[in-house]
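K.L.:
Mind having a look at this structure? Questions to follow.
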Amino acid sequence: DVQVRQEEIKEELTEEDLDRKVDIYLTETETMWMLDVPSVVMSVESEDAGKVLERNKIYIEICKNRPGNERFIEKMMQTINGATKNKEVQCDKIVMEEKGILVTSWDLYDSFKMLETEPVSKAEGSGATAGKSGTSDAAKEHDQTTSVSSDRNDNFPGSTTSRTISESAERHSEAILTSENFQQNLFFMERILMENIFQPKLAAYRQFPVLKDTSDTVAAVKEDDQEEDGKEKKEDKEEQKEALIDPSLLSDLKETREETAPPRAEQLWSYTCDITHGHSVSSMAWNKANPDLLAVGYRELDSKDQKKGLACCWSLKNPMWPERIFRCKHGVTALDFSMASPNLLAVGMYNGSVSIYDVRSSNDTPLLESSASSNKHTGPAWQLRWVEQDRSATEGGKKERLICISADSRVTEWLIQKRLDCIDLMKIKRTACEKKKLPGEKGRKREAPISRQAAGTCFDFHPKDTNFYLAGTEEGHIHKYSCSCNEKFIQTYRGHNGPVHKVAWNPFSTDMFLSCSADWSVILWHQDSQTPILTFSSTTAFVHDIMWSPKSAFIFASANESRVDIWDLRVSIFNPVVSCFASPGVEFTSVLFANNTDCLLVGDRKGEVSVFALQNLTALSSNKV
């Protein structure tokens, strides 16, 4: 039939065939059961219910007669195993948070005393109210006698002397509290207490051995006295064992243990206090002369006006309170210490102003301020830095200049004279994206941008030749400039799809540099190539800050919103070797390596600067390129 129908279709149809009526009947096809599972449950009211009940009774009797019957034999059967299926579920990592509090013995004693005194005081109060009715007459007589005695005492000149004595005592106590000697003694006592509290952590920070408590040493001495007799007997056995063990093998075992231990980061302490709580850490900088002095800038992220900011100087000798607190009118976005004058701290703010403070004084008023300058920035000063000039130009003398980049697309040099004033090194211009034309496509007119200038976000000078520097922009491009030419950039590096947050030259391999962006990536560049060499991406979050290790050419740290990653290019280029996760509700904003120890400082949005000790990183001891 099919063949006949195909032949009929092949023939040409006439107009009569097309006009002819055709009857079409629609019918249901037979039901095809793909799976038929018989039910094991039946209604009691059905017709076959009696038969099913009889079969169930027979089955129960068979099961009872089964044990010991020769007709039933137990056998093992192997069925076909179903195909296994692998299922994967992706979810956020569960972050564990530990919290604790230190309770001393006197705290427990005071709390129990409070519970005991409360019911006693209530009982005394009820007894006093009950006894008032019975002793009202005695109380009246007592009040009369006390009033008479008080009137007599007021008439005597002794009352004025008592007042003068109390006033003189208060003045004397105030004089003691405000004296310089007392303040200096308090300062020394505070230093001693901080050293006792943070001694193990400070020793780990400086990589020194941790001192034990005196109680442990006394117990150890007692144990040594008790074991003196037993040691004499064991000396012969120990000498025999030491003679069999080669000391070179012991050193090899220690080295292999250190190499096999995985790298990790241990949190030592956090720089935080009540003043910094609620502010976000925007920038950090070490003092060039004192490696234990840290400057931290804070600003408010929630408010749009950014009217309040802080610049605090922290010391390792007191991690619980800053040594200097400079309250700024606007949020602090950048800061840096001077190299020639380590007591000068330059601070950039959200409104574009630049101030210079003297950390030797605790006064909030800055030495110099850019508010009176006519060339001051009109946008936030995202980064500023003291840059040392080429020594050949200054003939051996160290001369430095203060460079700043702002959102108003200007890179400026600030001149420190009687007042702060600046000159423009470069005005960053917007660059058009180069698109390849398809074959046969006509050239279209380029759309003119709204602004010819691009907002600057970050910069970094070459570590060897300070005549060249890199500048990152909000459009995602990185430009290479020369200080001798302020009209055009030398080269442009295109690789990011979001604003560039930080650029950093490698201090050892000076042809390489890193950049991080809001497009969740960190890119490694070579200055002679416009294409990225490597791209690092660990999480889907903004990368706020990056920094090369000052001790290794392979290690760098990156701060994401939820974690801080430490990368070692010798180990892996795909995954970080160490990751420090933030607590719930906390976001990291900046990172800073310590110059003299193997530690990393991390700032967050809650105003805390956490100090992590990096352990078992083998590349920290080598600076090979």
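K.L.:
So what's the gap between the Cα centers of segment 603-617 and segment 326-391, to the nearest angstrom?
P.N.:
The distance from the Cα centre of segment 603-617 to that of segment 326-391 comes to 25 Å.
K.L.:
What accessible area, in Å² to the nearest ten, does a 1.4 Å probe give for Tyr109?
P.N.:
Solvent-accessible area, nearest 10 Å²: 140 Å².
K.L.:
Would you kindly find the accessible area of Asp36, with a 1.4 Å probe and non-protein molecules such as ligands, DNA and RNA excluded, rounding to the nearest 10 Å²?
P.N.:
The accessible area of Asp36 comes to roughly 120 Å².
K.L.:
OK, next. Sorted by accessible area (1.4 Å probe), largest first, how do Thr178, Thr510 line up?
P.N.:
Thr178, Thr510
K.L.:
Please report the spacing between the Cα centers of segment 516-542 and segment 279-296 in Å, no decimals.
P.N.:
27
K.L.:
Continuing with the same structure: Would you calculate the separation in nanometres between label points at Ser583 and Glu54, each defined as 7 Å from the Cα along the Cα-to-beta-carbon direction?
P.N.:
Label-label distance for Ser583 and Glu54, simple model: 7.7 nm.
K.L.:
If you rank Leu202, Leu310 by how much accessible surface each has, with a 1.4 Å probe, what is the order from largest down? Could the numbers behind the result be given before it?
P.N.:
Working: Leu202 30, Leu310 10 Å².
Largest accessible area first, the list is Leu202, Leu310.
K.L.:
Could you put Asp604, Asp598 in order of accessible surface area, largest first, with the 1.4 Å probe and the full protein assembly present?
P.N.:
Working: Asp604 10, Asp598 35 Å².
Result of the area sort, largest leading: Asp598, Asp604.
K.L.:
For segment 304-379, give the magnitude of the charge dipole about the Cα centre (Cβ charges: +1 Lys/Arg, -1 Asp/Glu; no others), in debye to the nearest 20.
P.N.:
Details: 9 positive and 6 negative charges, 44 e Å.
My answer is approximately 220 debye.
K.L.:
As a test question: what accessible area, to the nearest 10 Å², does His172 have when a 1.4 Å probe is rolled over all protein chains in place?
P.N.:
About 120 Å², rounded to the nearest 10.
K.L.:
Which of the peptides 527-537, 59-69, 276-286 is most tightly packed, and how do the rest follow, judged by the mean count of other Cβ atoms within 10 Å per residue?
P.N.:
Numbers: 527-537: 13.5, 59-69: 9.6, 276-286: 21.0.
So the peptides 527-537, 59-69, 276-286, ranked by packing, come out 276-286, 527-537, 59-69.
The values are calculated or read from the model by the stated rules, or taken from the named source; none is laboratory data. These numbers come from a predicted model, not from an experiment. Counting neighbours? That spans all protein chains shown, and the Cβs are built from the backbone with ideal geometry, glycine included. Heavy atoms of the whole protein, side chains included, go into the accessibility calculation; ligands, DNA and RNA do not. Shrake-Rupley method; radii C 1.70, N 1.55, O 1.52, S 1.80 Å.
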